[in-house]
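Visitor: Have a look at the structure that comes next, please.
The values are calculated or read from the model by the stated rules, or taken from the named source; none is laboratory data. On a predicted model such as this, the values are computed, not experimentally measured, just so you know. Quick reminder, even Gly has a Cβ in these numbers, built from the backbone with ideal geometry, and neighbours come from all protein chains shown.
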Amino acid sequence: MPTTEKVARTDAGLASELRLSVMRLRRRLAAERHPDNDLSMNAMAVLGALLRQGDLTVGALAAHERVQPPSMTRVVNALAERGHVDRRADADDGRKVVVALTDLGRETVLADRRRRDEWLATALASLGPDERAVLRSAAPVLERLARLD
């Protein structure tokens, strides 16, 4: 098996190493979710999108999360049943449904973020200053990669 240093020297090797590392970090962050939170990661992503973007139509949420509108409708319906979001008709087009975060939804997503951010901040503190500087530089690049079509 090649070492990480040799594999990552090619673009394909870098892709493989990044994929594996990002997946492991995602699983670790998911494990740090608030223990009272039994919402799916998809549901949490919807709450996060509404927190960042404000009220959105079901179609806009589906596009943002890269899922089909019927799938998003199911997630939104489940969140509405639990009181995390409210739904209303779009003022310009009554056929469209606008989804808004409720106070409970906001509290849920913020508590979950706080817990995971605390874990990550503690983990980052265990790294050296040079390693943290590399991550600080890499964060915007990783964000750009995540948004590519």
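Visitor: Any idea which of 76, 98 is within 18 Å of the chain's Cα centre (by Cα) and at pLDDT 95 or above? Let's see the steps before the verdict.
Guide: Details: 98 fails: within 18 Å of the chain's Cα centre (by Cα).
Checking each option against the conditions leaves just 76.
Visitor: Conditions first: (1) surrounded by fewer than 16 Cβ atoms within 10 Å (Cβ to Cβ); (2) among the hydrophobic types (A, V, I, L, M, F, W, C); (3) touching a Lys or Arg at 6+ places or on another chain (Cβ under 9 Å). Residue 111 passes all but one, so which condition is the exception?
Guide: (3)
Visitor: Continuing with the same structure: Hey, residue 84 hits all of (1) in contact with an Asp or Glu (Cβ under 8 Å, 6 or more places away or on another chain); (2) crowded, with 17+ Cβ neighbours inside 10 Å but one; which does it fall short on?
Guide: For residue 84, the exception is condition (1).
Visitor: Can I ask one more? Take residue 21 and decide whether it is more than 17 Å from residue 99 (Cβ to Cβ), of a type in the set (Gly, Ala, Ser), under 18 Å from the mean Cα position of the chain (by Cα) and not assigned by TED's automatic domain parsing to the domain that holds residue 138. Full working, then the answer.
Guide: Numbers: more than 17 Å from residue 99 (Cβ to Cβ): yes; of a type in the set (Gly, Ala, Ser): yes; under 18 Å from the mean Cα position of the chain (by Cα): yes; not assigned by TED's automatic domain parsing to the domain that holds residue 138: yes.
Yes, satisfied.
Visitor: Which residue, of 64, 84, is under 24 Å from residue 40 (Cβ atoms), in contact with a Gly (Cβ under 6 Å, 6 or more places away or on another chain) and not acidic (Asp, Glu)? Break it down into steps so the answer makes sense when it comes.
Guide: Details: 64 fails: in contact with a Gly (Cβ under 6 Å, 6 or more places away or on another chain).
Just a single option satisfies the conditions, and that option is 84.
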